[in-house]
Amino acid sequence: MNSAKKGSRKRNTRGSIFGLGSLVCFSLGVLSCCLSSLVQAQDQPQAQQPPAVQAPETGTPAPEQPADQQLAGRISGTVVDGTGAVVVGARVRLSHADQSVNADQSLNQEVQSGGDGQFSFANVVPGPFQIRITAAGFVTQTSSGILHSGEAYIAPRNVLVPAVHAEVQVGGSQAEIAEAQIKEQEKQRVLGFVPNFYVSYIPDAVPLNAKQKFELAWRTTVDPVNFALTGAEAGIEQADGRLRGYGQGAQGYGKRFGASYADSVTGTLIGSAILPSLLKQDPRYFYKGTGSKRSRIWYAISNAVICKGDNQQWQPNYSGLLGDLASGGLSNLYYPKTDRGVALTFENTAIRIGSTAIVNLVQEFIVRKLTPHAPDPDPAQP
């Protein structure tokens, strides 16, 4: 019994030992496998995980990728005129076609064309643009284009067209027009040589300023033909025996010539320059040329005592009437005693008025036909 129990105890002990060893071995094997797998997992690279996508039910949009940044560009060009010559100092303004982005300074620049007519804009934001060019004496020009990212844009040659100025200063314009009309009047010569400067074939001619009235009077008095006509008048007076106090011969003729020329100069200067400048009246005869013969006759005769004012209104011819009186009064200083006096002065003034009426009739119906350079008149206002 004891021996059996001992044998049985030994077998149980041996089995326990072998069972424990098996358990230990099994545990070591499992541990070894786990360590091996862990080492292999550490040696392998970690796999990239895909980006997280926001769930659609959250309502938050996924972030967008940023667009490519556009590069600023450059715009340049040349300003020339119609002949191809460069225009220096032209103002060139650059603006963006889209007015909503005009706050950007790079889209609103202004420069001037240089000595070679060229202009340039740097650091310009890409997109549609407009160029506006202004220069004195030229019509403003506008062009447009599209600038791409990083582009150096060269604009086509900007050819400026000369401007036609329709508006000028009123005073300067009147003076220039009146001067041109005077130049035409100075070409008017009866039979091609007798001066006929104080007749206007333009019914609405521009009024003369004071300087032009004096220039026209001086031009008339120093005309060579005027000296010849004065000499002829002095010869007629001597032949008729007028102004007997001057005597005969060369001395008498010289006195008559001097008196006649003095009458012409004083009458022209006082009646056609000094008084018209002070009284704002026009000393010229305005050719009518239209209407019935009766109306033209009345017009010519009445112009001996009426005239146009610088305001283009008809008024009494104070300049002519007072000019004749003044000239007659001055003639008492050099006329012979027998041809002086107040009564004679008024008598000569009346004769001059009548002579003016006759000259006007000749102007209205005859002189124009004998004047080669007389312009065609426009129809006169009644």
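Considering each residue of segment 53-103, count those that are among the acidic types (Asp, Glu) and modelled with pLDDT of 85 or more, and give that number.
The initial filter retains those residues of segment 53-103 that are among the acidic types (Asp, Glu), namely 57, 64, 68, 81, 98.
Then keep just the ones that are modelled with pLDDT of 85 or more; that gives 81.
Of the residues in segment 53-103, 1 are among the acidic types (Asp, Glu) and modelled with pLDDT of 85 or more.
Checking the conditions here, which among Ala350, Ala326 is buried (at least 17 other Cβ atoms within 10 Å of the Cβ), small (Gly, Ala, Ser) and part of a helix (DSSP H, G or I)? Give the derivation first.
On the way: Ala350 fails: buried (at least 17 other Cβ atoms within 10 Å of the Cβ).
The match here is Ala326.
Scanning segment 184-209 for residues that are surrounded by fewer than 20 Cβ atoms within 10 Å (Cβ to Cβ) and assigned to a helix (DSSP H, G or I) yields one hit, Glu184.
Is segment 272-292 home to any residue that is under 44 Å from the mean Cα position of the chain (by Cα), within 24 Å of Gly231 (Cβ to Cβ), modelled with pLDDT of 95 or more and in a helix (DSSP H, G or I)? Let's see the steps before the verdict.
At the first step, the residues of segment 272-292 found to be under 44 Å from the mean Cα position of the chain (by Cα) are 272-291.
Now narrow it down to the ones that are within 24 Å of Gly231 (Cβ to Cβ): 272-273.
Of the ones still in play, those that are also modelled with pLDDT of 95 or more are 272-273.
Then drop every residue that is not in a helix (DSSP H, G or I), which leaves 272-273.
Yes; the residues of segment 272-292 include at least one that is under 44 Å from the mean Cα position of the chain (by Cα), within 24 Å of Gly231 (Cβ to Cβ), modelled with pLDDT of 95 or more and in a helix (DSSP H, G or I).
Every test in (1) surrounded by 14 or more Cβ atoms within 10 Å (Cβ to Cβ); (2) more than 27 Å from Gly137 (Cβ to Cβ); (3) modelled with pLDDT under 95 is passed by Val159 save one, and that test is (2).
Scanning segment 293-304 for residues that are farther than 17 Å from Ile366 by Cα and assigned to a loop (DSSP other than H, G, I, E, B) yields a single hit, Ala304. If you check Val111 against the conditions, is it of a type in the set (Val, Ile, Thr), at pLDDT below 90, surrounded by fewer than 17 Cβ atoms within 10 Å (Cβ to Cβ) and more than 17 Å from Val139 (Cβ to Cβ)? In short, no. With respect to the conditions (1) in contact with a Lys or Arg (Cβ under 8 Å, 6 or more places away or on another chain); (2) open to solvent by 30 Å² or more (accessible area, probe 1.4 Å); (3) modelled with pLDDT under 95; (4) within 22 Å of Lys213 (Cα to Cα), Pro375 lacks only one, and its number is (1).
The values are calculated or read from the model by the stated rules, or taken from the named source; none is laboratory data. Quick caveat: nothing in here was measured; it's all calculated off a predicted structure. Note that we place each Cβ from the backbone using ideal geometry, even for glycine, and neighbour counts take in every protein chain shown. Remember, those area values only see protein heavy atoms, side chains included, never the ligands or the DNA or RNA. Shrake-Rupley method; radii C 1.70, N 1.55, O 1.52, S 1.80 Å.
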